[in-house]
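> Pasting a structure below so you can have a look.
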Amino acid sequence: MTTQKSYYRVRLGKGHKNADKCYQGEFFGVLDAGIFGDLSYDLPEDRNVFIEKFRSKFLERNPTKTKGAATRACGTNWNVSKGIKTGDIVLCPNGKGKYWIGEVISDYLYEADSFFPHQRKVAWFPALVAHADMSLGLKRSAGSIKTDVNITKYAEEIEKFISGVSPSQLNASDESVEDASEFALEEHLEDFLVKNWASTELGKKYDIYEEDGEIIGQQFQTDTGPIDILAISKDKKEFLVIELKKGQASDKVVGQILRYMDYVQEAEAMRGEKVRGAIIAFEDNKGLERALSAVGNIDFYEYKVNFSLSKK
């Protein structure tokens, strides 16, 4: 029986600083920080078992980190060492706006003296893919701050890149997006808000959540899905979970954002921080108004888009 391969985007160090060395050495990997050691005989099939075993050790060595940070670090180590299989495909950014594509050709390897002691060997394809040539969805996933991202939903597009055929840009007929124009609008709203954060009303009180000097608050991963934006107050006493809706928001979004807030309270608010929510949408409705009045700790913001053409 043929095993279906998966596709991943893997970053090669903070700021892609190890990209060239990994390309030349034909491998990718992750850091150790004195926590994991040689995992050749200690990689269970269950990712959660691995996380539970090493999370406490991570927190002992990094007492200022949150439970969520420990979970992310352990999960990333397992994903790269075990979750990605031989025969899977990886996209690795080179730090210059392009990506190498390669096939994983080995199981886990431990190289104690390497900057990435936990390694996988890879055979790189000739294709070098520009970020600008990707579809909207693949651009967004490939640009994630996470070390590893599953991008298997874009397998067909990636295979075209491997074969040297440039896929056509995403348009309204793309089956992977229900409404391409709405998808683009929601993506650009989020990106615009992040890039112009300091000049927004929310930016006066909150900063987008960072870890080790890098912004991780955009598309912040939880066990129930990604938070559009996670921010923290400038005095570090309150988290803000932000959910963006491209049109009218209904009361269903309240349950969604409450799940995200509960995760942040458990995994990130380790020093007694409060957690609030904010919904940003074009408009609300009566159902949403009633739901928000009942919970009391979620605010609603309207956005307005102005676009005009003037003939001269």
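> Any residue in the stretch 246-256 that is assigned to a helix (DSSP H, G or I), modelled with pLDDT under 90 and closer than 21 Å to residue 143 by Cβ?
Looking through the stretch 246-256, none of the residues is assigned to a helix (DSSP H, G or I), modelled with pLDDT under 90 and closer than 21 Å to residue 143 by Cβ.
> It is to be established whether one or more residues within the stretch 195-206 are at pLDDT 95 or above and touching a strand residue (DSSP E or B) at 6+ places or on another chain (Cβ under 8 Å).
For the stretch 195-206, residues at pLDDT 95 or above and touching a strand residue (DSSP E or B) at 6+ places or on another chain (Cβ under 8 Å): present.
> List the residue pairs whose Cβ atoms are under 6 Å apart, where the first residue sits in the stretch 285-312 and is on the phi < 0 side of the Ramachandran plot and in the same structural domain as residue 261 (by TED's automatic domain parsing), the second is at pLDDT 85 or above and charged (D, E, K, R), and the two are 6 or more positions apart or on different chains.
297/276
> Can you name every residue in the stretch 11-28 that is under 15 Å from residue 81 (Cα atoms) and modelled with pLDDT of 95 or more?
Passing the criteria: 27, 28.
> Still on this structure, I have one more. Residue under question is residue 84, and the condition is that it be within 15 Å of residue 106 (Cα to Cα) and β-branched (Val, Ile, Thr); does it hold?
Values: within 15 Å of residue 106 (Cα to Cα): yes; β-branched (Val, Ile, Thr): yes.
It is true that residue 84 is within 15 Å of residue 106 (Cα to Cα) and β-branched (Val, Ile, Thr).
> If only one of 281, 231, 294, 269 is modelled with pLDDT under 95, closer than 21 Å to residue 140 by Cβ and either small (Gly, Ala, Ser) or within 20 Å of the chain's Cα centre (by Cα) (or both), which one is it?
It is 281.
> Are any residues in the stretch 60-82 without any contact (Cβ under 8 Å) to a residue 60 or more places away in the chain and outside any loop (DSSP other than H, G, I, E, B), and if so, which ones?
Passing the criteria: 60, 61, 70, 73, 74, 75, 77, 78, 81, 82.
> Looking at the stretch 1-55 only, could you name the residues that are touching a Leu at 6+ places or on another chain (Cβ under 6 Å) and either outside any strand (DSSP E or B) or more than 30 Å from residue 160 (Cα to Cα) (or both)?
18, 19, 22
> Moving on to the next point. Across the stretch 87-102, what is the number of residues that are surrounded by 20 or more Cβ atoms within 10 Å (Cβ to Cβ) and not in a strand (DSSP E or B)?
1
> Can you report the number of residues in the stretch 126-143 which are under 16 Å from residue 19 (Cβ atoms) and not aliphatic (A, V, I, L, M)?
Here the count works out to 2.
> Residues 19, 69: which one is in contact with a Pro (Cβ under 9 Å, 6 or more places away or on another chain) and of a type in the set (A, V, I, L, M, F, W, C)?
Testing whether each residue is in contact with a Pro (Cβ under 9 Å, 6 or more places away or on another chain) and of a type in the set (A, V, I, L, M, F, W, C) leaves just 19.
> Tell me, please, whether a residue that is closer than 24 Å to residue 282 by Cα, modelled with pLDDT of 90 or more and either within 19 Å of the chain's Cα centre (by Cα) or of a type in the set (S, T, N, Q) (or both) can be found in the stretch 178-188.
Of the residues in the stretch 178-188, the ones closer than 24 Å to residue 282 by Cα are 178-188.
Next, only the ones that are modelled with pLDDT of 90 or more stay: none.
No, the stretch 178-188 has no match at all.
> Among the residues of the stretch 11-25, count how many are buried (at least 16 other Cβ atoms within 10 Å of the Cβ), within 12 Å of residue 96 (Cβ to Cβ) and either polar (S, T, N, Q) or touching a Gly at 6+ places or on another chain (Cβ under 7 Å) (or both).
Residues that pass the stated criteria total 1.
> On to the next question. Please go through the stretch 32-74 and pick out each residue that is more than 19 Å from residue 110 (Cβ to Cβ) and among the small types (Gly, Ala, Ser).
Correct list: 56, 68, 69, 70.
> Right, here's the next one. So which of 244, 258, 288 is in contact with a helix residue (DSSP H, G or I) (Cβ under 8 Å, 6 or more places away or on another chain) and either charged (D, E, K, R) or within 21 Å of residue 71 (Cβ to Cβ) (or both)? Write out each step before concluding.
Working: 244 fails: either charged (D, E, K, R) or within 21 Å of residue 71 (Cβ to Cβ) (or both); 288 fails: either charged (D, E, K, R) or within 21 Å of residue 71 (Cβ to Cβ) (or both).
Testing whether each residue is in contact with a helix residue (DSSP H, G or I) (Cβ under 8 Å, 6 or more places away or on another chain) and either charged (D, E, K, R) or within 21 Å of residue 71 (Cβ to Cβ) (or both) leaves just 258.
> Looking at (1) in contact (Cβ under 8 Å) with a residue 60 or more places away in the chain; (2) more than 16 Å from the chain's Cα centre (by Cα); (3) in a strand (DSSP E or B), which one does residue 221 not meet, given that it meets all the others?
That leaves (2) as the condition not met.
> Across the stretch 112-138, what is the total count of residues that are at pLDDT 95 or above and of a type in the set (D, E, K, R)?
Count: 2.
> Additional query: Look at the stretch 197-212 and say how many of its residues are under 16 Å from residue 268 (Cα atoms) and assigned to a loop (DSSP other than H, G, I, E, B).
Looking only at that region, the number is 2.
> Quickly run through the stretch 60-81 and pick out the residues that are surrounded by fewer than 20 Cβ atoms within 10 Å (Cβ to Cβ) and over 22 Å from residue 215 (Cβ atoms).
Those that are surrounded by fewer than 20 Cβ atoms within 10 Å (Cβ to Cβ) and over 22 Å from residue 215 (Cβ atoms): 60, 61, 63.
The values are calculated or read from the model by the stated rules, or taken from the named source; none is laboratory data. Please read these numbers as outputs of a predicted model, since none were measured by experiment. Reconstructed Cβ throughout: ideal geometry from the backbone, glycine too, with neighbour counts over all protein chains shown.
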